[in-house]
Amino acid sequence: MSNRKPFNDRAGYVASKINARTGVHNVIYAAAEAGIDADARYATVCEAHGCMVSSTTLPKARMDMKDATRWCSSCKPATTPV
Ligand SMILES: [Zn+2]
């Protein structure tokens, strides 16, 4: 019960991982099944900020899921270290 992931009963759910920056999951959805208007097969969502990125393949979506700083404007560090 307690280890149930909070988003896995949603339509189109594929996978999720805690976003260390927000403490909330990043979730991969199959866009069509989730009713997400994405331009690729998979959509990865930063649930903390409501930002989304689309990916053509699941391996790409999993990379997006692991690092929201590359695509979520709110997860991006304020300053980029050199
Ligand atoms: Zn975010």
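Nothing in this text is a laboratory measurement; each read-out follows from the coordinates by a stated rule. Quantities reported herein were computed from a predicted structural model and do not represent experimental measurements. All Cβ positions, glycine included, derive from the backbone under ideal geometry; neighbour counts span all protein chains shown.
In this simple spin-label approximation, Arg41 and Tyr13 carry label points 7 Å from Cα along the Cα→Cβ vector, and these lie 2.2 nm apart.
Placing +1 on the Cβ of every Lys and Arg and -1 on the Cβ of every Asp and Glu, with no other charges, gives the chain a dipole of roughly 320 debye about its Cα centre. Fewest-first ordering of Glu47, Glu33 by other beta carbons within 10 Å of each residue's beta carbon gives Glu33, Glu47.
Taking 0.36 nm per residue of sequence separation and removing the Cα-Cα distance, the Thr69/Val24 pair yields an extension gain of 14.8 nm. Each semi-axis of the equivalent ellipsoid for the chain is √(5λ) with λ an eigenvalue of the Cα gyration tensor; in descending order they amount to 21, 16, 10 Å.
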